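Reviewing the structure listed below.
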Amino acid sequence: MNLYIVALFRFKENHLFDAIELLKKLVIETRKEEGCLQYDLIEDRENKGTFFLIELWETEEHHHLHAGTEHLFTFRQSAAPLMESQTEVYRGAKIF
């Protein structure tokens with residue numbers, strides 16, 4: 001069964017350029033992973049510094065493997081000091 005994820009990031013306004021560069025690198029590397037069906041970076045139109053990653057994984061196992069990748073670890077380490085608040089992650093299954 002496919003796994004849908006929305007990850008919400010809020011970055012400090014004075015770090016937006018660096019944050020976007022980190023997110024772009026993460027997206028580029030993640031899209032290469034087996035089982036990654038969608039991995040899109042969305043910028044909130046109304047809230048500066050707020051971004052969403054819209055993810056679709058073939059299976060839960062594929063996402064589990066993603067969680068252990070070097071590029072995700074590097075992103076988390078590099079992004080942490082730029083964040084306004086903790087990342088919010090929502091996981092779900094398609095209903096209709």
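The values are calculated or read from the model by the stated rules, or taken from the named source; none is laboratory data. As the structure is a prediction and not an experimental result, all values here were calculated from the model. With ideal geometry, Cβ positions are generated from the backbone for all residues, glycine too; neighbour counts draw on all protein chains shown.
For residues in the stretch 34-43 being touching a Ser or Thr at 6+ places or on another chain (Cβ under 7 Å) and in contact (Cβ under 8 Å) with a residue 24 or more places away in the chain, which is surrounded by the most Cβ atoms within 10 Å (Cβ to Cβ)? Among those that are touching a Ser or Thr at 6+ places or on another chain (Cβ under 7 Å) and in contact (Cβ under 8 Å) with a residue 24 or more places away in the chain, it is CYS36. Across the stretch 66-96, the qualifying residues are those that are surrounded by 15 or more Cβ atoms within 10 Å (Cβ to Cβ) and not polar (S, T, N, Q), and the one among them that is farthest from GLU13 (Cα to Cα) is HIS66. Considering the stretch 54-69 alone, what residues qualify as being touching a residue at least 12 places away in the same chain (Cβ under 8 Å) and not in a strand (DSSP E or B)? Scanning the stretch 54-69 gives GLU58, THR59, GLU60, GLU61, HIS62, HIS63, LEU65, HIS66, THR69.
Yes or no, residue by residue, for (1) assigned to a loop (DSSP other than H, G, I, E, B); (2) in contact (Cβ under 8 Å) with a residue 60 or more places away in the chain:
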site	(1), (2)
ALA7	no, yes
ASN14	no, no
GLU21	no, no
ARG45	yes, no
PHE52	no, no
HIS71	no, no
GLN77	no, no
ALA80	no, no
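Scanning the stretch 4-28 for residues that are more than 14 Å from the chain's Cα centre (by Cα) and buried (at least 16 other Cβ atoms within 10 Å of the Cβ) turns up just one, HIS15. Please go through the stretch 38-96 and pick out each residue that is modelled with pLDDT of 95 or more, over 14 Å from LEU3 (Cβ atoms) and among the hydrophobic types (A, V, I, L, M, F, W, C). Result: LEU41, ILE42, PHE51, PHE52, LEU72, PHE73, PHE75, ALA79, ALA80, LEU82, MET83. Residues of the stretch 43-96 that are among the aromatic types (Phe, Trp, Tyr) and at positive phi: none at all.
Within the stretch 23-33, if we keep just the residues that are touching a residue at least 12 places away in the same chain (Cβ under 8 Å) and of a type in the set (D, E, K, R), the residue that is nearest to HIS63 (Cα to Cα) turns out to be GLU33.
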